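The values are calculated or read from the model by the stated rules, or taken from the named source; none is laboratory data. Small disclaimer: the values here were computed from a predicted structure and weren't measured. In this analysis, Cβ positions are derived from the backbone assuming ideal geometry, glycine residues included, and neighbour counts consider all displayed protein chains.
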Amino acid sequence: MPVFEEFFCDTCDFSLPPGGRGYLYALDKAGTPVVCPHPGEIQEVFRITGLPYSKAVEAGKAGFAERCACLRCLTMVSLDLARDPRACPSCGSTEVKSLTELIGQPCPGCGRGVFLSGKKPVKLDNDRHLLPVPEVVKTIVALVNCDGPGQQNSPEPRELSRAWKRYSALPSEDNGNVKSLYFTFPLSLLLRGFSDYPGQESGDYQWEVCENPGQALDDEIFQSLLLILQETPGLCGLVSLSGGKMRFDERVPEEVRRGIRNYVREHLIVPQRMS
């Protein structure tokens, strides 16, 4: 599964947008970079270029774009550092570093703290064990922790069994493990949204559904998410999806929303960016 990380200072409040550190891409016939989403990125490179990944890289038709930050204006940009010049598209500065290069270095914001990656400590409500949590959310957490249905030690999908049965029956060239990942990844995005829910006081009840900020969600992942929502009654009355954004149904009480947020933050163990 793609790893979601948070990038933050251990001293001040400075942080950069969470997500992965980069992504594979391939150039189509017009020379336009196409993001090859996980899982199946190697197969996608072959589909686009007609070459195995290593040969496509050698031919300049594929590569890895890293998420970078301009140290002068803090603009985020994706660059293939093996080919692209280190230049900020906003201010023109060459003081551009990848997130990997920034980790463990002085904070770009304050200069005093250390810039870190991982899972930033999250606040849990003191009354969280008294808050209601729908069983479907507990099932999703258990499935994502085990990388999805059909994996070793994976629990029964229970409330999601109808969605999994329908998804498993769809024609696909992928093997069972890849299909399980395609089914599980949208669930991890759903949990990410639950964990990010800011609370009633913010007045913002929706969150973007994407793998990385500013990067459109792969269509197959998006369709999987729609199928899961349609075939899982417990989710239909809980959340809705519109215009690439998800939100709690207005009828869901605030205590249930808080219960979900706290449960996901406390029990999700997969090393993905979920807080």
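Assorted remarks:
- Just one of the listed residues (Glu5, Glu58) is surrounded by 14 or more Cβ atoms within 10 Å (Cβ to Cβ) and of a type in the set (Asp, Glu), and it is Glu5.
- Among residues of segment 253-275 that are on the phi > 0 side of the Ramachandran plot, none has a Cβ under 6 angstrom from a residue that is modelled with pLDDT of 85 or more at a sequence gap of 6+ or on a separate chain.
Condition check ((1) at pLDDT 80 or above; (2) under 19 Å from Leu16 (Cβ atoms)) across all residues:
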position	(1), (2)
Met76	yes, yes
Ala87	yes, yes
Gly111	yes, yes
His129	yes, no
Val144	yes, no
Pro171	no, no
Asn175	no, no
Tyr182	no, no
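- Within this structure, Lys138 passes the test of being in contact (Cβ under 8 Å) with a residue 12 or more places away in the chain, under 30 Å from Thr184 (Cα atoms) and not in a strand (DSSP E or B).
- Residues of segment 24-37 classified as buried (at least 19 other Cβ atoms within 10 Å of the Cβ) and either polar (S, T, N, Q) or at pLDDT below 90 (or both), total: 2
- Selection within segment 19-38 - touching a residue at least 12 places away in the same chain (Cβ under 8 Å) and either of a type in the set (A, V, I, L, M, F, W, C) or not in a loop (DSSP other than H, G, I, E, B) (or both): Gly19, Gly22, Tyr23, Leu24, Tyr25, Ala26, Leu27, Pro33, Val34, Val35, Cys36
- Of all residues in segment 3-14, those that are in a strand (DSSP E or B) and modelled with pLDDT of 85 or more total 3.
- In segment 195-226, of all residues being farther than 27 Å from Tyr25 by Cβ and touching a helix residue (DSSP H, G or I) at 6+ places or on another chain (Cβ under 6 Å), the one that is modelled with the highest pLDDT corresponds to Ser195.
Condition check ((1) under 17 Å from Arg258 (Cα atoms); (2) out of contact with any helix residue (DSSP H, G or I) (no Cβ under 6 Å at 6 or more places or on another chain); (3) exposed (fewer than 15 other Cβ atoms within 10 Å of the Cβ); (4) among the small types (Gly, Ala, Ser)) across all residues:
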{"residue": "Ser78", "(1), (2), (3), (4)": "no, yes, no, yes"}
{"residue": "Cys88", "(1), (2), (3), (4)": "no, yes, no, no"}
{"residue": "Thr94", "(1), (2), (3), (4)": "no, yes, yes, no"}
{"residue": "Gly109", "(1), (2), (3), (4)": "no, yes, no, yes"}
{"residue": "Arg112", "(1), (2), (3), (4)": "no, yes, yes, no"}
{"residue": "Lys119", "(1), (2), (3), (4)": "no, yes, no, no"}
{"residue": "Lys123", "(1), (2), (3), (4)": "yes, yes, yes, no"}
{"residue": "Asp127", "(1), (2), (3), (4)": "yes, yes, yes, no"}
{"residue": "Val137", "(1), (2), (3), (4)": "yes, no, no, no"}
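- Residues within segment 219-234 that are assigned to a helix (DSSP H, G or I) and surrounded by 15 or more Cβ atoms within 10 Å (Cβ to Cβ), tallied: 11
- Count - residues of segment 93-126 that are closer than 14 Å to Leu74 by Cβ and either in a loop (DSSP other than H, G, I, E, B) or of a type in the set (Asp, Glu) (or both): 7
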